[in-house]
1. Taking the stretch 294-314, which residues are out of contact with any strand residue (DSSP E or B) (no Cβ under 6 Å at 6 or more places or on another chain), assigned to a loop (DSSP other than H, G, I, E, B) and in contact (Cβ under 8 Å) with a residue 40 or more places away in the chain?
2. Quick check: anything in the stretch 98-117 in a loop (DSSP other than H, G, I, E, B), surrounded by fewer than 18 Cβ atoms within 10 Å (Cβ to Cβ) and within 16 Å of the ligand (Cβ to nearest atom)?
3. List, please: which pairs have Cβ atoms under 9 Å, are six or more places apart or on different chains, and start with a residue in the stretch 5-34 that is polar (S, T, N, Q) and end with one that is outside any strand (DSSP E or B) and modelled with pLDDT of 95 or more?
4. I'd like to check something: does the stretch 76-83 contain any residue that is among the hydrophobic types (A, V, I, L, M, F, W, C) and crowded, with 18+ Cβ neighbours inside 10 Å?
5. Which is modelled with pLDDT of 95 or more, farther than 23 Å from residue 326 by Cα and buried (at least 19 other Cβ atoms within 10 Å of the Cβ), of 47, 21?
6. What about residue 272, is it part of a strand (DSSP E or B), at pLDDT 95 or above, of a type in the set (Phe, Trp, Tyr) and out of contact with any Leu (no Cβ under 6 Å at 6 or more places or on another chain)?
7. Of all residues in the stretch 270-285 being more than 17 Å from residue 168 (Cβ to Cβ) and more than 16 Å from the ligand (Cβ to nearest atom), which is nearest to the chain's Cα centre (by Cα)?
8. How do the helices (runs of 4 or more DSSP H) wholly within the stretch 149-254 filter down when requiring 3 or more residues that are touching a strand residue (DSSP E or B) at 6+ places or on another chain (Cβ under 8 Å) and within 18 Å of residue 297 (Cα to Cα): which remain?
Amino acid sequence: CVVAVSASSSPATAAVATEVPGVMKAWVYDAYGDAGVLKLDEAAAVPAVGEDQVLVKVVAAALNPVDAKRRAGKFQATDSPLPTVPGYDLSGVVVKVGSQVKKLKEGDEVYGMVSENPLQGPKQSGSLAEYTAVEEKLLALKPKGLDFAQAASLPLAVETANEGLERAGISAGKSVLILGGAGGVGSLAIQLAKHVYGASKVAATASTKKIELLKSLGADVAIDYTKENLEELPDKYDIVFDGVGQGDKAVKVVKEGGSVVVLTGAVSPPGFRFVVTSNGSVLEKLNPYLESGKLKPLIDPEGPFSFSQVVEAFSYLETGRATGKVVISPI
Ligand code: NDP
């Protein structure tokens, strides 16, 4: 089933019409569980496009821990109904626009996170598919100079890193400690703090083999958590950004009056937790830094995984040892 997007039947316009099929390949699960519930559907329905949405031909996607937690049923009270096509992060090409879409047009190369809130009613049809429908406001033009795999690695992680730092009151001259500096979020939080917000000192934690990586991302102090105890660190920080789930330890290394932002796990005062909101304007704001190379995507060297290897990619992500982002490309 092939549907021509153009309403015109004249040969001149038919030649430039974007053809969108009625069915597509998509990874899907119809029950919660481990990575084994994921199945490749060769004839999934291409999502309908709402008036404020665009249809994106997905070129690359990335996995996040929330994809695995959602698939395991951790958020089922607020999840969309099954079956689910997972995936929040994407890059791709706009192939169709809704009637109220203002800026984007067919042919635009875009990237973004498909659901405004990843936990509260996320989209049933996500990015691990050939096509997905996304609100225009959640997308931005792909940064010039980045390929699709690099762009897809960014949205959820960089928006989380940025929102967390902003909520914690980041500004030039502050000192920041990032727990989990080699992960998808942490690797971007280090770069944002140091190269975008002008932190005076950035410290970050990882295991022994990843210490040099932390320094290359911009960390002034790289802490090997297998050798050093957080509670015994010589310095305290204005902001502690916990990307690991160590809220109890994080509050012991913050300065009096400082902020502790926690992404996962238990929170004790003065720590606070938040859930990222997808927002294309944040990506637009960061595009110049991505284009100048001040902010660099970090793709785990085990990847990119091919579209047929999504189960393997999930299993790898779920080891909790990924360096930067687990990317699926091409789709
Ligand atoms: P990743 O899977 O990318 O994190 C993997 C990294 O974590 C590895 O490089 C590993 O390094 C590091 N790590 C594991 N344990 C420790 C430790 N004890 N100390 C320091 N580093 C450690 O995850 P993300 O960065 O994508 O996400 C991090 C967490 O934040 C997840 O729980 C995720 O669900 C959550 N999250 C929450 C969001 C929100 O809105 N609240 C948004 C995004 C993420 P090593 O191998 O050296 O241990």
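1. 294, 295, 296, 297, 298
2. Yes.
3. 18/106; 18/107
4. Looking only at the stretch 76-83, we keep the residues that are among the hydrophobic types (A, V, I, L, M, F, W, C), and these are 77, 82.
With crowded, with 18+ Cβ neighbours inside 10 Å added as a condition, the list becomes none.
Taking every residue of the stretch 76-83 in turn, none turns out to be among the hydrophobic types (A, V, I, L, M, F, W, C) and crowded, with 18+ Cβ neighbours inside 10 Å.
5. Numbers: 21 fails: buried (at least 19 other Cβ atoms within 10 Å of the Cβ).
None of the other options fit; the residue is 47.
6. Values: part of a strand (DSSP E or B): yes; at pLDDT 95 or above: yes; of a type in the set (Phe, Trp, Tyr): yes; out of contact with any Leu (no Cβ under 6 Å at 6 or more places or on another chain): yes.
Judged against the criteria, residue 272 is a match.
7. Quick first cut of the stretch 270-285, residues more than 17 Å from residue 168 (Cβ to Cβ) only: 278-281, 283-285.
After this cut, where a residue has to be more than 16 Å from the ligand (Cβ to nearest atom) as well, the list is 280-281, 284-285.
On the way: 280: 12, 281: 15, 284: 15, 285: 16 Å.
Only one residue fits best here, namely 280.
8. Values: elements: 155-167, 184-191, 211-217, 247-250.
Those helices (runs of 4 or more DSSP H) span 155-167, 184-191, 211-217.
The values are calculated or read from the model by the stated rules, or taken from the named source; none is laboratory data. Here the structure is a predicted model, which means the values were calculated and not measured. Using ideal geometry, Cβ is built from the backbone for each residue, glycine included, and neighbour counts are taken over all protein chains shown.
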